[in-house]
1. For the range B:52-71, indicate whether the set of residues that are in a helix (DSSP H, G or I), within 14 Å of chain A (Cβ to nearest Cβ), of a type in the set (A, V, I, L, M) and touching a residue at least 24 places away in the same chain (Cβ under 8 Å) is non-empty.
2. Based on this model, can you work out whether A:L189 counts as away from every other protein chain (no Cβ under 14 Å) and not acidic (D, E)?
3. Would you confirm whether or not the range A:263-281 contains a residue that is away from chain B (no Cβ under 11 Å), of a type in the set (A, V, I, L, M) and touching a Gly at 6+ places or on another chain (Cβ under 9 Å)?
4. With the range A:212-288 as the region, which helices (runs of 4 or more DSSP H) entirely inside it contain at least 2 residues that are over 36 Å from the mean Cα position of the chain (by Cα) and surrounded by fewer than 21 Cβ atoms within 10 Å (Cβ to Cβ)?
5. Has the range A:16-31 got at least one residue that is aliphatic (A, V, I, L, M) and either at pLDDT 80 or above or touching a Lys or Arg at 6+ places or on another chain (Cβ under 8 Å) (or both)?
6. Within the range A:314-335, does at least one residue satisfy the condition of being hydroxyl-bearing (S, T, Y) and at pLDDT below 90?
7. Of the residues A:L352, A:L314, A:L343, A:L320, which single one is touching a helix residue (DSSP H, G or I) at 6+ places or on another chain (Cβ under 9 Å) and under 27 Å from A:R266 (Cα atoms)?
Amino acid sequence: MASTDDGREGVSGAGLLGSDRQWAAGTTPRDPTGWSATALGIAVLVILATWSTLNGIHSALASVKSESVATTAILVLCGVAVLMLLRPAVQSWRQAQSAKGALAGKDVVGARVANAASREDAYVTFGYAAVVVILLGIAQFFIANDLAVSRTFFQVSLIGSSLGLTLKAFWTNIYIFVVAEILVLIWGLIVAIARLLPGDAARPVRLISTIYTDMFRGLPAIINIYLIGFGIPLTGLPVLKDLSPESYAILALTLTYGAYVAEVYRSGIESIHWSQVAAARSLGLSYMQTLRYVVVPQAVRRIIPPLLNDFIGLQKDTALVNVIGSIDAFNQARIIASNHFNLSPVTTVALLFILITIPQTRLVDRLIERDQRRMRAGGT
Amino acid sequence: MAMIEIRNITKSYGEFKVFNGLSLEVEEHQVVCLIGPSGCGKSTLLRCMNGLETIQGGEIRIHGDRMSGPGVDVNALRRDVGIVFQSYNLFPHMTVLENVTLAPVKVLNESRAEAEAKALRLLKRIGLEHKAQEYPDRLSGGQQQRVAIVRALAMGPMVLLLDEITSALDPELVSEVLNIVRDLAAEGMTMLLATHEMGFAREVASKICFLYGGKVHEEGPPAQIFSNPSEERTRAFLQRIIEAGRL
């Protein structure tokens, strides 16, 4: 391009680009045999380790006389399944050979393609092998010391016999967190709105709600439950002194988690663009109407994931009520565990807590997805 | 007496004086276009007029009644003075119909049926009654802005403020929005427009105001301002608009 009439220079005359650049992207590929050989070696090692571990499990089961056709079948199946590791490893080796052949025939492009495939398969082998190694580690932990770990945490007979009692006690946890969650949703919103009230008149209200959130977010939940659960009955205050331990737990957890959730609400409300507020106010809606119909409905949609985080935290913290002697699942399990000198009932409770959170996460994901599909343009 | 009298208003953001004794009169049924460089206060003036922002000196009177300063019922003021924004600002969590009926139901206390009938009538006039149950994100920018105009009209405003309502639109969507403004002008709606659409301003405006230096630097009928501006600043501004191919 020559220089144009308005005085700007064309590309050729300018010094913006180097002049002695060479095409460097066309190098011949390196030999991938090393990678594929390593993949093959690792696959074989991991398979041997797996077989040895499976053998260990088998003899451990035999020693406690709980081997059966079913367990043996499962072990054999695992032993066969681990052979799948050889598939990508062998594939990688074959591609490496074909890359060598292509290179010998001066087919650079063919060599590159085979090389890339060889590498990809080698990496697949490493990825799966790493996970198998982790699983083997866990299995070794459970069978170590003559099945000591398994017996301490997973004594099936004790889990079975204590399950009824633990499940029944788990209702206490569910009762506490369901009631507390409802109260937290309301209380947190009140605190958040108090903290965001505009104007000079609301300054003291803003201050007191700020102090509240600062205090109760800093106060450990277990101390809060302890103080309220033991302290309020001692005060002898009418009505309040006669509440059940569960009610004190609900009160304490609402105060603690209300502070967290108020902050979540606040961040949600503040994330709504001011133009939404301007639009609502310009239509004559009052400040409170704007919050009620425009800001909070949009904010709530945004804060559902962090809100769920806090709720899962609250659900787990219901186990803290054992400090005030409420018979929840954890406390019940501890009693059984000390009677039998075995931790298996506590493991059951641990599993129960995990089990209730997973469906909630999935449900919330589903709800968010549905809501977005409704509001967003199709296809995106 | 003019319907809207803006007298000698002042407003500063820190050191920066947005208004430095700005005065402006708008007669009933007039369409006044505010033009001027970015940051000259076109949008701020409109926002002050319906109480979204406050002025620091001077006063704004509507029908002779002072509508600025303390003690004014801004919620009532906003029922009479509607505003439409550059970025539409529809409520994304509500359908088109809910967007339009929210304020009539909650502020004017109309029954839901009554408000919906009125909303559908207005949506039909702009050819969007089939979108009543859609969410704003499923509408094009031009459609969203038309809904935003209808949302303001559903409150039955006496004055409509339009704040660069076509600036965020793709060029081919501008006309559908401007046609509505044209219809409203023909029906006698009193309007103030902040705009960069000079051709449109020339066509619909009863009066053009060029804002500069915190004041109305020059005002007059479109024919005079666009063909024969008397001020040097106005001429320079319009020259740049012509160079950009916008006039």
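1. Taking every residue of the range B:52-71 in turn, none turns out to be in a helix (DSSP H, G or I), within 14 Å of chain A (Cβ to nearest Cβ), of a type in the set (A, V, I, L, M) and touching a residue at least 24 places away in the same chain (Cβ under 8 Å).
2. When the stated conditions are applied, A:L189 passes them.
3. yes
4. The helices (runs of 4 or more DSSP H) meeting that bar are A:221-235.
5. Within the range A:16-31, none of the residues are aliphatic (A, V, I, L, M) and either at pLDDT 80 or above or touching a Lys or Arg at 6+ places or on another chain (Cβ under 8 Å) (or both).
6. yes
7. That would be A:L314, the only listed residue that is touching a helix residue (DSSP H, G or I) at 6+ places or on another chain (Cβ under 9 Å) and under 27 Å from A:R266 (Cα atoms).
Yes/no per residue for (1) within 14 Å of chain B (Cβ to nearest Cβ); (2) more than 30 Å from A:R301 (Cβ to Cβ):
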| residue | (1), (2) |
| --- | --- |
| A:I335 | no, yes |
| A:T347 | no, yes |
| A:A350 | no, yes |
| A:I356 | no, no |
| A:Q360 | no, no |
| A:L363 | no, no |
| A:R366 | no, no |
| A:R370 | yes, no |
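The values are calculated or read from the model by the stated rules, or taken from the named source; none is laboratory data. None of these values were measured; they are calculated from a predicted model. Positions of Cβ are generated from backbone atoms using ideal geometry, with glycine treated the same way; all protein chains shown enter the neighbour counts.
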